[in-house]
1. Which whole-Hz couplings ³J(HN,Hα) result when phi for each residue of region 200-215 is put into the Karplus expression 6.51 cos²θ - 1.76 cosθ + 1.60, θ = phi - 60°, listed in order with x for Gly and Pro?
2. How big is Rg to Rh over region 1-83, alpha-carbon atoms, Rh as the Kirkwood inverse-mean-distance radius?
3. Be a star and scan region 322-342 for residues whose amide nitrogen sits under 17 Å from the point 7 Å along the Cα-to-Cβ vector of residue 293.
4. Towards the positive end of the charge dipole of the chain, with charges on Cβ (+1 Lys, Arg; -1 Asp, Glu), say which of 19, 400, 213 has the farthest Cα.
5. Ignoring any ligand, DNA or RNA, what whole percent of the accessible area of region 222-411 comes from carbon and sulfur when the probe is 1.4 angstrom?
6. Roughly what would the spin-label model give for residue 440 and residue 195, points 7 Å off Cα along C-beta, in nm?
7. For region 16-21, just list the computed ³J(HN,Hα) in residue order, Karplus coefficients 6.51, -1.76 and 1.60, θ = phi - 60°, integers in Hz, with x standing in for Gly and Pro.
8. Using the reciprocal of the averaged 1/r over all distinct C-alpha pairs, how large is the Kirkwood radius of region 405-458 in Å?
Amino acid sequence: MKKDRMDHIAQAFAAQKAGVGRRRLEFGLAARRRALADLHAILKRREAEIIAAIAADFGKPEVEVILTEILPVSQEIRAARRHLRRWMRTRRVMPGIATFGTSARIRYEARGTALIISPWNYPFNLALGPLVSCLAAGNSAILKPSEMTPATSELIASIVAECFPADLVTVINGDKEVATALLELPFDHIFFTGSPAVGSIVMAAAAKNLSSVSLELGGKSPAVIGPGADLKQAADWVTFGKFTNAGQTCIAPDHLFVHDSIRDEFVAILRARISRAYGEGGKSPFLARIVNAGHATRLRGLLSDASAKGARTIMGEAGQGNDMPPTLIEAITPEMQIDHQEIFGPILPIFSFCDPDAVIARINSRPKPLSLYIFERNRGFADHIIESTSSGSVGINLTMLQFSHGGLPFGGVNHSGMGAAHGEFGFRAFSHQRAILSNRFSALPVLFAPYGRRVKWLVGVVKRLLG
Ligand code: NAD
């Protein structure tokens, strides 16, 4: 990387670091709420630009931009402004026997200076959503949006520059070279959203500086359609979850397990539902494009590898350029790449099953998914799958909506991530819980050295009481 670019990164970081002490005193409840209100006002004013930028980057329909990019950030801002006083409140903790005579409290403090690295698939939401939590917790941030959505990333830089001083928030755009240079700096917290492969690079880099990390990663999220599912409901939500953003969603159902007894009926209903949403073929104005030629080639590669190894296409065709229609395939085997790689596009493999325990065994043999979806009217069926598996989140008789519930933690587990985002969970991710214990009338000094007979006798009493 050019020297002036390196210098720019180093200066941006140094400016934010220099302000940490001052921010601890001055960036309190009122200032944070004001900063968030300013951001909200600018987002409202520049909404048309946001819609245009994301359309330019990958043809995302306006309705989807409003519902999945702008509103989630507005909701995050509203929740933070409304609840911040409570989130920030110092919590008192009762003393135990050993700490009798002290008073204890937990103080939620800014970690300091954060690095936020975001992906291209929800380029606006996943850059600014974490920024809201970061500011709510009183930190400064350097934000590195994705290079794959250049129009949106430029717009984010312009919005941030209009809204915040550079020593509070700075956007540094660029590719992985820029991200690598940023990751060398000793940030107090790194909030990364992206693929598991890059997540482990980020974690290794963070380890060098012992920076704390939140990793919001991806993977293959399964959906199970049980024998007692409401098939129309399942088809509606699977279509929404899989083809919104053309399947380029971390929590999209990656593949389906459909019970044998309802398989044919469900597939017929699903096909009809997809056709109603996106037409019978050709380009639909309601379907986003694949983000770039590289990803379109990757997806077609997955399809041709699968069909060369015996997969059958139920619905769909190759499409042209970066446009790809909804595609359903079956007869998937473990030799196929599509059975292992996160699909991240409008291709939906369908497996059938008789025994739910076989599905459970298969889920448990793979990396823990970000989300697990279960469609079934019988609660016992869903509960059995939930209790026997692990995933970042679970959706029952719905897809994706768990992202929008501000009271739920959003995050993965191991391969699908660590830490949680959204609302109070996002605030906590960017906060340090500082334990403060203050002495009022602790009797502990009676046990201090020298350890004479009286101390030994008292230790015996203490042991009987506490041991
Ligand atoms: P990615 O990991 O390729 O890139 C994410 C960010 O990391 C980008 O800003 C990129 O510039 C940067 N980056 C790329 N290579 C890097 C490297 N070697 N070192 C440091 N930084 C690097 O992910 P993507 O393709 O933009 O997004 C898709 C992935 O993100 C999918 O796996 C998806 O499931 C996941 N995702 C997860 C969530 C979530 O909330 N859990 C949300 C959206 C996407």
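The values are calculated or read from the model by the stated rules, or taken from the named source; none is laboratory data. Quick caveat: nothing in here was measured; it's all calculated off a predicted structure. All Cβ positions, even for glycine, are placed from backbone atoms using ideal geometry, and neighbour counts span all protein chains on display. For the accessible areas, the whole protein counts, side chains as well, though only heavy atoms, and no ligand, DNA or RNA atoms are used. Shrake-Rupley method; radii C 1.70, N 1.55, O 1.52, S 1.80 Å.
1. 6, 5, 5, 5, 5, 5, 5, 4, 4, 9, 6, 6, 6, 10, 10, 10
2. For region 1-83, the value is 1.11.
3. Those under the cut-off are 322-324.
4. After comparing all options, I get 19.
5. 55 percent
6. Placing both labels 7 Å along Cα→Cβ, they lie 5.6 nm apart.
7. Taking θ as phi minus 60°, the curve returns 5, 4, 4, x, 4, x Hz for region 16-21.
8. For region 405-458, the Kirkwood estimate is 15.5 Å.
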